[in-house]
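K.L.:
There's a structure below that I have some questions on.
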Amino acid sequence: MNDDQFARGLGIASIAIGLSEIVFPRRLEKAMGLHNGVNTGILRVMGVREILQGIDILTHEDPAPGIYARVAGDMLDTALLGIAATKTRRPGSFASIFTMVMGIGVLDMLCAGRLAKNKLSWRQKLMEKVRL
């Protein structure tokens, strides 16, 4: 699998995650042990963010900015999950969800690193143009 295919797969995953957060926020809340109905709005907003990032990755020739946005979103998700961890009534189930979120975060960071490694810096591009 090349880097673009890897990124496109993460774009599809982002849309799927976002749809689940928009369509099933109460189920997610219950699974995390936070079934008080207060967090559904937050989950839906996070779902919109996920979908927009997925669309960005899938519709642009260069998926790198969308992947970088996913990494930033993963940081936000981690912070929000840290807060939610203090309020959960189902620590085992919450830990499973947290592990899945961290797993996709690791994939996002690996993809971002691979994409960044393959990009030429603006200085390198300029030097190539000067040599021509």
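The values are calculated or read from the model by the stated rules, or taken from the named source; none is laboratory data. Given the structure is predicted, the values throughout are model-derived calculations rather than measurements. Here Cβ is always computed from backbone atoms with ideal geometry, including for glycine, and neighbour counts include all displayed protein chains.
K.L.:
Having 2 or more residues that are of a type outside the set (A, V, I, L, M, F, W, C), modelled with pLDDT of 95 or more and loosely packed, with under 12 Cβ neighbours inside 10 Å is the bar; report the helices (runs of 4 or more DSSP H) wholly within the stretch 52-132 that clear it.
P.N.:
91-118
K.L.:
For the stretch 42-93, name all the residues that are in contact (Cβ under 8 Å) with a residue 60 or more places away in the chain and within 16 Å of L28 (Cβ to Cβ).
P.N.:
S93, the sole residue that qualifies.
K.L.:
Could I ask something else about it? Out of all the residues in the stretch 41-48, is one or more aliphatic (A, V, I, L, M), surrounded by 19 or more Cβ atoms within 10 Å (Cβ to Cβ) and more than 24 Å from F6 (Cβ to Cβ)?
P.N.:
The answer is yes; a qualifying residue exists.
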